[in-house]
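K.L.:
My questions all concern the structure below.
Read-outs: derived from the displayed coordinates by stated rules, not from any lab. Because the structure is predicted, anything quoted here is derived from the model rather than measured. Every residue, glycine among them, receives a Cβ derived from its backbone with ideal geometry; neighbour counts consider all protein chains shown.
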Amino acid sequence: MARRGNFSGGMPGGMSNIMKQAQRIQRQMEEKQEELQNTEFTAEAGGGVVSVTMNGKREILKFHISKEAVDPEDVETLEDLVSAAVSACLKKIEEEGASAMDSITGGVNAGIGGFPF
């Protein structure tokens, strides 16, 4: 009669090994998340007339607008430059987070989720 309840399936180390690997990946993800949150990302727009620096928590740390970008008759262009710089910086943060996740999981992200930033 076949034994029931044996879920090892012949895997070396069984569930214990899987749990250790999951804990290791979780620890690595937490470490990388903390590292990324403290990393500064800078992006520019308009050839550098507008620049923004943010951290991995998406907090703006520095913002620079050159005097030549300020034209009271053309506020829309300045708004576009600010938007472009912030969007570019957020994209850098997102890409770095995705790259970090890939390095931890070997590119297999299914079911693991991403960083919350």
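K.L.:
Quick check on the stretch 41-105: what does the Kirkwood estimate of hydrodynamic radius come out to from the alpha carbon pairs, in Å? Provide the component values of the computation, followed by the final result.
P.N.:
Details: mean 1/r = 0.0798 Å⁻¹.
By the Kirkwood definition, the hydrodynamic radius is 12.5 Å.
K.L.:
Among the listed pairs 67/92; 20/92; 67/91; 32/91; 32/57, give every one whose C-alpha distance is greater than 21 Å.
P.N.:
Among 67/92; 20/92; 67/91; 32/91; 32/57, the Cα-Cα distance tops 21 Å for 67/92; 20/92; 67/91.
K.L.:
Within the stretch 19-80, list the GluC sites (Glu not before Pro) lying in a DSSP loop whose Cβ has at most 12 other Cβ atoms in a 10 Å radius. Spell out each step's value before the answer.
P.N.:
Working: sites: 30, 31, 34, 35, 40, 44, 59, 68, 73, 76, 79; in loops: 59, 73.
Sparse-neighbourhood loop GluC sites (Glu not before Pro): 59, 73.
K.L.:
Which FRET efficiency, nearest 0.05, do residue 99 and residue 62 yield, Cβ-Cβ r, R0 22 Å?
P.N.:
0.40
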